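> The following block contains the structure, expressed as structure tokens.
Bear in mind that the values in this text are calculations on the coordinates, not laboratory data. Nothing here was measured: the structure is a model prediction, and the numbers come from that model. In this analysis, Cβ positions are derived from the backbone assuming ideal geometry, glycine residues included, and neighbour counts consider all displayed protein chains.
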Amino acid sequence: MRVGLIVTEHEAHLTPIAEARYARLEATIVETMGSDVVRRHYTEPLPPEVDALVLSGSDAPWAAHDPARLDRLGHAVVASGAPVLGICAGLQLLARFAGGVIEHMPDGGAERGFAEVTVLRPAAILAGLADPITVMQRHTDEVTRLPDEFELLATGARCRVQALASRSRPWWGTQFHPEEHDVAHPDGARILRNFGELARAATRS
């Protein structure tokens, strides 16, 4: 399987630390999904002939991004028809593409570190996981209006939209970072493997 990793970070925030984080994300996708990865910045055309897309996280505030560029990305992702996993900012973008609203968490709020997330309903992307799951959080924005296009799969005490699935497309999203897992907190790895299986099934159908 060939996966397109779309880096959603603003160019001005692509520091060496950020680049290293995206390199680790790429390596984790290769390891957990057993796939080849082609990395592109979101302002570039989507890589051709990919079986799935992963939209990365981002540290830059949404106000720093050109809305027209985000719209072009949304049109390209929809037109591709590929299965998509949105991670952190990637989840927020999926919601935006369908008309959702993203806002800064109130009172200077943020989620950092491993935390429990409550599973609301069974879903293929969360298959094989007990409730609650323990996953890595690193965000200061959240989806405050979830479009009808999406089903809410998991929620948290400080952030309502923690995982979602499209009702009409092979799109899934996690507000948390499944790529950041370890031996004591393996749930993220299972989510990535689940997405790989879902993407392979979609390409076979």
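> For a quick check: sort I102, I125, I6 by the number of other beta carbons within 10 angstrom, fewest at the front.
Details: I102 17, I125 22, I6 26.
The most exposed by this proxy come first: I102, I125, I6.
> Full extension from E103 to A68: what is 0.36 nm times the residue separation minus their Cα-Cα distance, to one decimal in nm?
Working: separation 35, 0.36 × 35 = 12.60 nm, distance 1.84 nm.
Stretched out fully, the E103 to A68 stretch lengthens by 10.8 nm.
> Can you give the translational diffusion coefficient of the chain in µm²/s, computed by Stokes-Einstein from the Kirkwood radius over Cα pairs at 25 °C and 0.890 mPa s? If you can, show how the numbers build up before the last one.
Numbers: Rh = 16.7 Å.
The estimated diffusion coefficient comes to 147 µm²/s.
> Neighbouring Cβ atoms within 10 Å as the yardstick, rank F97, F176, F195 fewest first. Provide the component values of the computation, followed by the final result.
Working: F97 23, F176 29, F195 26.
Least to most surrounded, the residues fall as F97, F195, F176.
> Sort S56, S168, S35 so the one with the fewest other Cβ atoms within 10 Å of its own Cβ comes first.
On the way: S56 26, S168 8, S35 20.
Ordered from fewest to most neighbouring Cβ atoms within 10 Å, S56, S168, S35 come out as S168, S35, S56.
> Report the full-extension gain for the segment R145 to E197: residue separation times 0.36 nm, less the Cα-Cα distance, to one decimal in nm.
Values: separation 52, 0.36 × 52 = 18.72 nm, distance 2.91 nm.
Once the chain is fully extended between R145 and E197, it gains 15.8 nm.
> Identify the trypsin sites (Lys or Arg not before Pro) of segment 146-205 meeting these criteria: DSSP loop state and at most 12 other C-beta atoms within 10 Å of the C-beta. Provide the component values of the computation, followed by the final result.
Values: sites: R158, R160, R167, R190, R193, R200, R204; in loops: R158, R160, R167.
Taking segment 146-205 and a limit of 12 other Cβ atoms within 10 Å, the loop trypsin sites (Lys or Arg not before Pro) found are R167.
> Stretched out fully, how many nm does the piece from T15 to R2 gain, at 0.36 nm a residue minus the Cα gap?
On the way: separation 13, 0.36 × 13 = 4.68 nm, distance 2.64 nm.
Taking 0.36 nm per residue and subtracting the Cα distance, the gain is 2.0 nm.
> Also, quick follow-up: In the chain, what % of DSSP beta bridges are antiparallel (nearest 5)?
That works out to approximately 55 percent antiparallel.
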